[in-house]
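Visitor: This is the structure I have questions about; it appears just below.
The values are calculated or read from the model by the stated rules, or taken from the named source; none is laboratory data. These figures come from a predicted structure and were not determined experimentally. Note: ideal-geometry Cβ built from the backbone for every residue, glycine included; neighbour counts use all protein chains shown.
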Amino acid sequence: LWHLPRRYDDYSQLETINRLWYGQDVTVIGTIEKIEMREVRGGRMKLTEAVVSDGTGSLRVTWFNQPWIANKLKPGRGIVLSGKIDQYLGRLTMNSPEWEPLERHQLHTNRIVPVYPLTAGVSGKWLRRVIHSVVQRLAPRVPDPIPTGIRQSADLVPLSVALQQIHFPDDQDQLKKAQHRLAFGEMFMLQLGVLRQKQDWEQLVSEPLQVEDQWLDHFTSNLPYTLTKAQNGALDDIRKDMASSKPMNRLLQGDVGSGKTVVAAAAIGISAANKAQSAFMAPTSILADQHFQTLRELLPASAQIPEDSIRLLIGATPEAEKNEIRQGLEDGVIQVIIGTHALIEDPVNFKQLGLVIIDEQHRFGVEQRAALRDKGQNPNLLVMTATPIPRSLALTVFGDLDLTLLDEMPPGRQPVDTRVLLPRERSRAHVFVDSQIEKGKQAFIIYPLVEGSEKVQTKAAVDEHQTLQENVFPSYKVGLLHGRMRQEEKEQVMDAFRKGENEVLVSTSVVEVGMDIPNATVMLIEGANHFGLAQLHQFRGRVGRGDSQSYCLLIPDRDDDVENDRLTAMQATNDGFELADLDLEQRGPGDFLGTRQSGFAQLRTAQLTDIRLIEKARREAIRLFEEDPDLTKPEHEALAQELARFWSTEKGEIS
């Protein structure tokens, strides 16, 4: 029942032979005038040819390598043919059409015909017959878990009707209604699950963490810059959340360079002012180290947190230092810990964990986030992302979180000048990089792969690094950074680039998130067609962080109109949300989901781009939750069972 068609062939248009035209998808009913099988190409191909007439004209029909048809179909027999009208020597023909004897119920012709995903050894006709038998027998008996009131309000056909019509639709209108019912059902279950997660969180109790206005004034006046209106608004949201007896559960979403870290620093300060500890988890050691450096600069003056009570814990931290940090966290001497997944893998215990901050949280799984939260008594949770999330995903994938948007850039930031260059213009790009280095600036050069691959025809970082160092930039130092390097090596390379010892850094997508080098003004991306727009926008955000004009140069592997049209969207806008919507439309939700609720990508009929459907399902889910939040009413029993099946309750993920 749930092996749904991947597409449909519409053969519902019945036409007489004298009214056929080239290219038409059509059904013809006629009688076989003559039929014969002959061998062509030296016996390598068997051709079955028939002439079919219907009283208005005759049509030549051909089947390739199906000699048994000549034995089945004899002259004088009525036949139904469905397929595309072709042309041969000026005459209309049908090549390899679907066919059925006229006396039989039409399943493969003269209707909207479902086309199913197949496995080896299974024919489409056989599978269609089997599914038709199952649908006729079982679909009418399928109960509908969606309550009658919601079906009426949302104008939905019953599930039993939808299952019959999705497989064997009577017409296009019935097919649309069936598709809408199944898509709504999935989105409705998804929204109920998200709302339940939100409800469960709101029932938790946490210690209120409050600060006076004077504390906030002291914090902001000791920053090296003035906060934007958006940053002040975000601080208000966070301050209210943390002062509540319910734990904060907030997503702080801001485009690259919008100043999320200073907002996080304020949250850490509020926690410390209440004698509570903070844990800040980043997806990579490079990013964790960068946050560590930034917070060590900001927090002592603005939040009066001693520098030595702000520590870094990553996989490469020496064992003796790890032990010292663990002890300091248990004793409460360390107030702020920044790290990677080492924070949850290590036997780390806190004296009083009041705040958990997770950066780029779509890179962490549900279990990892839960493990960090479990180290405290319902600590406040602040999730940060620089990946602009389209509204449709904010209402679904991230629908259990309260949303704060940093939609304003700090003053003085200039938009990055973005250009798409063809592969043959590569030398121009290298000359431009050279000119920027002569002005004392630095450049990133990004490659899709670490090393060359036979499967993917594109340039790779390790191979190209040597070429660039020896042949293109022999007078400069070219660093190399990729994910397979040991942590100490990565840190040395990053440190050298940060200090200006390397003028060029060749890297893979390791630099996508968070690296802050104000002196870098060029981001050159090779094989740009291998990256999504949201990811390219993240790369672009690595430059333009100082006062100088910065540039992003995109070089695709080849001159491909379709791919290059996609890349030119990067030239047209610096708005991450606009690009995120485009990315979602063109590439699907994969780039946004990461490890969060991977099942969202497995929806059968609903699309995460369908904002109208999402909002409709959300409205109905909220209405139902207000009426019966625990789904305990007798009329909601089937819905409660379906919701439990749809969501894996243990992990909070779609099953």
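Visitor: Pull up segment 480-504, narrow it to residues that are acidic (Asp, Glu) and assigned to a loop (DSSP other than H, G, I, E, B), then point me to the one that is surrounded by the fewest Cβ atoms within 10 Å (Cβ to Cβ). Steps first, answer last, please.
Guide: Step one: filter segment 480-504 for residues acidic (Asp, Glu), giving 488-489, 491, 495, 501, 503.
From what's left, assigned to a loop (DSSP other than H, G, I, E, B): 501, 503.
Details: 501: 11, 503: 23.
Here the answer is 501.
Visitor: Name the residue, out of 374, 400, that is among the acidic types (Asp, Glu), on the phi < 0 side of the Ramachandran plot, outside the structural domain of residue 545 (by TED's automatic domain parsing) and in contact with a Leu (Cβ under 9 Å, 6 or more places away or on another chain). Spell out the reasoning first.
Guide: On the way: 374 fails: in contact with a Leu (Cβ under 9 Å, 6 or more places away or on another chain).
Exactly one residue qualifies, and that residue is 400.
Visitor: Only one of 327, 335, 304 is under 25 Å from residue 208 (Cα atoms), surrounded by fewer than 20 Cβ atoms within 10 Å (Cβ to Cβ) and either of a type in the set (Lys, Arg) or modelled with pLDDT of 80 or more (or both); which? Don't jump to the end; show me each part of the working.
Guide: On the way: 327 fails: under 25 Å from residue 208 (Cα atoms); 335 fails: surrounded by fewer than 20 Cβ atoms within 10 Å (Cβ to Cβ).
That would be 304, the only listed residue that is under 25 Å from residue 208 (Cα atoms), surrounded by fewer than 20 Cβ atoms within 10 Å (Cβ to Cβ) and either of a type in the set (Lys, Arg) or modelled with pLDDT of 80 or more (or both).
Visitor: I would also like to ask the following. Please indicate, with yes or no, whether at least one residue in segment 217-226 is under 34 Å from the mean Cα position of the chain (by Cα) and among the aliphatic types (A, V, I, L, M). Please lay out each step first, then the result.
Guide: From segment 217-226, those under 34 Å from the mean Cα position of the chain (by Cα) are none; that's our starting set.
No.
Visitor: Is at least one residue of segment 279-294 over 30 Å from the mean Cα position of the chain (by Cα) and surrounded by fewer than 20 Cβ atoms within 10 Å (Cβ to Cβ)? Don't jump to the end; show me each part of the working.
Guide: Initial filter on segment 279-294 (over 30 Å from the mean Cα position of the chain (by Cα)): 293.
Filter again for surrounded by fewer than 20 Cβ atoms within 10 Å (Cβ to Cβ), leaving 293.
Checked against the condition, which is being over 30 Å from the mean Cα position of the chain (by Cα) and surrounded by fewer than 20 Cβ atoms within 10 Å (Cβ to Cβ), segment 279-294 yields at least one hit.
Visitor: Out of the residues in segment 505-532 meeting the condition of being in a helix (DSSP H, G or I) and in contact with a helix residue (DSSP H, G or I) (Cβ under 9 Å, 6 or more places away or on another chain), tell me which one is surrounded by the most Cβ atoms within 10 Å (Cβ to Cβ).
Guide: Just the residues of segment 505-532 that are in a helix (DSSP H, G or I), to begin with: 509-512, 528-530.
Keeping just the survivors that are in contact with a helix residue (DSSP H, G or I) (Cβ under 9 Å, 6 or more places away or on another chain) gives 509-512, 528-529.
Values: 509: 20, 510: 22, 511: 24, 512: 24, 528: 26, 529: 19.
Filtering first and then ranking leaves 528.
Visitor: Within segment 217-237, which residues are buried (at least 18 other Cβ atoms within 10 Å of the Cβ) and in contact with a helix residue (DSSP H, G or I) (Cβ under 7 Å, 6 or more places away or on another chain)?
Guide: Hits for segment 217-237 are 219, 227, 231, 234, 235.
Visitor: Checking residue 292 against (1) assigned to a helix (DSSP H, G or I); (2) aromatic (Phe, Trp, Tyr); (3) farther than 25 Å from residue 491 by Cβ, which single condition isn't satisfied?
Guide: (3)
Visitor: Shifting gears a bit: Within the set of pairs 6+ apart or on separate chains, which have a first residue in segment 1-15 that is without any contact (Cβ under 8 Å) to a residue 60 or more places away in the chain, a second that is buried (at least 16 other Cβ atoms within 10 Å of the Cβ) and not in a loop (DSSP other than H, G, I, E, B), and C-beta atoms under 8 Å apart?
Guide: As it stands, the answer is 13/26; 13/27; 15/26; 15/27; 15/28, since those pairs meet every condition given.
Visitor: Do you know which residues across segment 155-174 are surrounded by 18 or more Cβ atoms within 10 Å (Cβ to Cβ) and either out of contact with any helix residue (DSSP H, G or I) (no Cβ under 6 Å at 6 or more places or on another chain) or under 30 Å from residue 398 (Cβ atoms) (or both)?
Guide: 156, 159, 161, 162, 166, 168
Visitor: Within the group 351, 322, which residue is part of a loop (DSSP other than H, G, I, E, B) and either among the charged types (D, E, K, R) or under 18 Å from residue 372 (Cβ atoms) (or both)? Before you say what the answer is, go through the steps one by one.
Guide: Values: 322 fails: part of a loop (DSSP other than H, G, I, E, B).
Just one listed residue meets the conditions, 351.
Visitor: Examine segment 408-418 for a residue that is modelled with pLDDT of 75 or more, over 30 Å from residue 555 (Cα atoms) and surrounded by 23 or more Cβ atoms within 10 Å (Cβ to Cβ), and state whether such a residue exists.
Guide: Looking through segment 408-418, none of the residues is modelled with pLDDT of 75 or more, over 30 Å from residue 555 (Cα atoms) and surrounded by 23 or more Cβ atoms within 10 Å (Cβ to Cβ).
Visitor: Quick one: would you say residue 241 is assigned to a helix (DSSP H, G or I), without any contact (Cβ under 8 Å) to a residue 40 or more places away in the chain and out of contact with any helix residue (DSSP H, G or I) (no Cβ under 8 Å at 6 or more places or on another chain)? So that I can check it myself, show each step before the final result.
Guide: Values: assigned to a helix (DSSP H, G or I): yes; without any contact (Cβ under 8 Å) to a residue 40 or more places away in the chain: no; out of contact with any helix residue (DSSP H, G or I) (no Cβ under 8 Å at 6 or more places or on another chain): yes.
Considered against the rule, which asks whether it is assigned to a helix (DSSP H, G or I), without any contact (Cβ under 8 Å) to a residue 40 or more places away in the chain and out of contact with any helix residue (DSSP H, G or I) (no Cβ under 8 Å at 6 or more places or on another chain), residue 241 comes out as no.
Visitor: Of the numbered conditions (1) surrounded by 16 or more Cβ atoms within 10 Å (Cβ to Cβ); (2) within 30 Å of the chain's Cα centre (by Cα), residue 298 fails exactly one; give the number of that condition.
Guide: (2)
Visitor: Give the residues of segment 87-109 that are outside any strand (DSSP E or B), closer than 14 Å to residue 52 by Cβ and at pLDDT below 90, sorted by residue number.
Guide: 102, 109
Visitor: Which condition from (1) hydroxyl-bearing (Ser, Thr, Tyr); (2) closer than 26 Å to residue 251 by Cβ; (3) over 33 Å from the mean Cα position of the chain (by Cα) is the one that residue 309 breaks?
Guide: Unmet condition: (2).
Visitor: Restricting the search to segment 126-148, which residues are surrounded by 12 or more Cβ atoms within 10 Å (Cβ to Cβ), without any contact (Cβ under 8 Å) to a residue 60 or more places away in the chain and charged (D, E, K, R)?
Guide: 128, 129
Visitor: For segment 243-265, what are the residues that are hydrophobic (A, V, I, L, M, F, W, C) and over 30 Å from the mean Cα position of the chain (by Cα)? Talk me through it step by step, then tell me what you get.
Guide: Initially, segment 243-265 is screened for residues hydrophobic (A, V, I, L, M, F, W, C), giving 243, 248, 251-252, 256, 262-265.
Passing the criteria: only 243.
Visitor: Which of the residues spanning segment 534-586 are farther than 24 Å from residue 432 by Cα and not in a helix (DSSP H, G or I)?
Guide: Within segment 534-586, just 575 meets the criteria.
Visitor: Further, regarding this structure: Given (1) outside any loop (DSSP other than H, G, I, E, B); (2) on the phi > 0 side of the Ramachandran plot, identify the lone condition not met by residue 231.
Guide: So the condition that residue 231 fails would be (2).
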